[in-house]
Structures are given as structure tokens and as C-alpha cells.
Amino acid sequence: MRLDLVLPDSDTEPRHWVRHDQAFAMMLRPGSIEWGSSRSALEKFNYRAYDLALCDRHVGEWVGLMNVQHLQLGISDAALMAASHDPNGEVELHPHRKFADSRLGALVAAVHAEMVAGFPNGRLFLDSIEQAMAVALVSGHAVTQRPLQLSRGGLGPARLRRIREFVDAKMEDELSLDEMAQSVGLSTAHFARMFRKSTGETPHQFVLRQRLERAKAMLRAPDARVLDVAVACGFKTQQHFAQVFRDVCGVSPTGYRQDFVGSAVGNS
């Protein structure tokens, strides 16, 4: 996924753009953009915060004043083709200068929040979001709509065991959806569908839960430093680890350790 934060532009001279990836944007502030098929035929569109725009690709267009801050995202052809279940050619989407889509809007908002926070959840989180965006784009905005196919079955016990072993061995590292899929010999999109079918979780949710389970085990040692636990469990910062731990477990890492040690002493 390509991400660009575009700030208001005071240059009123129109420019000719050709986009070769599938790009769409969410407006972060109210404002306006001038679009047109020619320099002399620009049309002004006024946007509210969270309005979306889906751009043509391989087709040149003129863009004039961009008086709005927006987040532009490029979705890969691989993600779009996987969402359409069509391995051949490109997925063609309807361009829209201005539209609303609550599902896409929520996904872009999640990416923006991740960007503002400094990408603490890592590449696997963004890979998962891109897959979900591709499904929403294909199901709601494809020129030729194809019904999304439901996957039957799921990953077998041997593959699930291999995934658990892979995640356990790589927990300190940055994990990606591609790496997890390759570890069991599947395409990224097929793996993501089968994994959720088998476990009821996305790969990102599964990895996060595994990291927190390891963190709990490490925190049961009274002399464990929270920073060391965070690093060993694959969190980029101690602050992010503490926030996620509290959100999921309802208590801070230090509080969890104190509760455990106190309980152990009381039962001795």
C-alpha cells in the first residue's frame, strides 16, 4: 500500500497527472479540489472531512487548486485481483470525484490513525487493511461486479501448527502477511481468507494475541523489565506495548505483574 499525505496547495497553476496505480483519497479537512479532463474545463468540488475520491488510472487529468488536506492511498493490483478472484488482467473501478462509503472511510481512518501514531502496529496491520480495502473497492466500485466467493473449509491442523511455530520464532521481528502465507505455501489473499475461516481471527489479531500471551508469561517473573518484555514480544516502543496491553487486558503490564506476584504470595 502506498500512502501520501497531501497538504493544501497554494499554487493555482493546473497540473496534468497520470496515475498508474489504483488510488483513492479521504479528505481530512473541509476544502476543495479542481478536477477536469482538460486545462480549460476544470470543475470545482467542495469536500467535507471524510469524503472520498476514487481516481482514474492510466488516464491523464488536470488538477488545479487543491485547497484540502487529504490522505491518498495506492492499492496494489495484486490485492484487487485477489479480492475479485480473477487472476487475469487488471480490476477496473468506477472513478468518482466525490462519494461516501462508510466501510472504506473507516478503513482509511484506521490507516490515518496508524500513520499519526508512527505505524506502531507494523506492516502486518497495513497488509490486512489493504486486503479489506481491496474487497470493499471491488464489491462496491468495480465496473464489472463479481460476487465475492465464500471460501469453504480452512487451513488444516498441520498448516495451523506451522503458522504458530513461525509466529513464535519470528515474534520479535516485523511480520508481514506475505511471509506468513509463504510459510505454509499459499498466496497471500487465499491464506488470509483461509486463516480467518479456521481461527475466527485475522492474521494481525492472531499475532497480537500471541504476543500478549508471551508478554503475560514473561511478566510473571518479578524481575522482568517492561521494556525487555515489549522488545521480546515485537512491540516497537514500551509506550505502545503498555497501551495495547491495557486496552486488551484491562490493566497495565506493571499492574498485571503486581497482581500476579501478590496472588502467588497469598497462595503460598
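Table for the structure above
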{"item": "Difference of contour (0.36 nm per residue) and Cα-Cα distance, Arg123 to Asp228", "result": "35.6 nm"}
{"item": "Heavy atoms of Val116: accessible area, 1.4 Å probe, square angstrom to 10", "result": "110"}
{"item": "Helix-only [θ]222 nm of the chain, DSSP H runs n ≥ 4, -39500 (n - 2.57) each, per residue, nearest 500", "result": "-14500 deg cm²/dmol"}
{"item": "Where the chain is the region considered: accessible area per residue in Å², 1.4 Å probe", "result": "51"}
{"item": "Near-label residues of the stretch 164-188 by backbone N, under 20 Å of a point 7 Å along Cα→Cβ of Lys236", "result": "170-180"}
{"item": "Gaussian network model of the chain, Cα within-10 Å springs - most flexible of Arg97, Arg164, Arg211", "result": "Arg164"}
{"item": "Percentage of interatomic Cα-Cα distances in the stretch 173-268 larger than 16 Å", "result": "60"}
{"item": "10 Å binning of all Cα-Cα separations within the chain, expressed as whole percents from 0 upward", "result": "6, 25, 27, 21, 13, 6, 1, 0, 0"}
{"item": "Efficiency of FRET from Cβ geometry, Gln258 and Ala158, R₀ 45 Å, rounded to 0.05", "result": "0.65"}
{"item": "Three-way shape label, the stretch 95-239, alpha-carbon gyration tensor, a/c 1.5", "result": "oblate"}
{"item": "Per-residue SASA entry for Thr237, accessible area with 1.4 Å probe, Å² rounded to 10", "result": "60"}
{"item": "Potential lengthening between Arg2 and Glu43 on full extension [0.36 nm per residue; Cα-Cα distance subtracted]", "result": "12.1 nm"}
{"item": "In the chain, lysine pairs with alpha-carbon atoms under 24 angstrom apart (chain gap of 8 or more, or interchain)", "result": "5"}
{"item": "Accessible-area value, Ser40, 1.4 Å probe, nucleic acids and ligands omitted, Å²", "result": "120"}
{"item": "Extension gain, Asp9 back to Gln243 (0.36 nm per residue minus Cα-Cα distance, nm)", "result": "80.6 nm"}
{"item": "Pairwise FRET efficiency - Lys170 versus Ala100, Cβ, R0 = 30 Å, nearest 0.05", "result": "0.15"}
{"item": "Of Asp178, Asp228, Asp56, the one that fluctuates the most in a GNM where the chain has Cα springs shorter than 10 Å", "result": "Asp228"}
{"item": "Percent accessible area from carbon and sulfur atoms, the chain, protein chains only, probe 1.4 Å", "result": "50"}
{"item": "Size of electric dipole in the chain: Cβ of Lys, Arg +1 and of Asp, Glu -1, about Cα centre, debye, nearest 20", "result": "920"}
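The values are calculated or read from the model by the stated rules, or taken from the named source; none is laboratory data. Predicted model only: the values in this text are computed from it and were never measured. Heads up, the Cβs are rebuilt from the backbone with ideal geometry, glycines too, and the neighbour counts pull from every protein chain shown. For accessibility, only protein heavy atoms count, side chains too; no ligands or nucleic acids. Shrake-Rupley method; radii C 1.70, N 1.55, O 1.52, S 1.80 Å.
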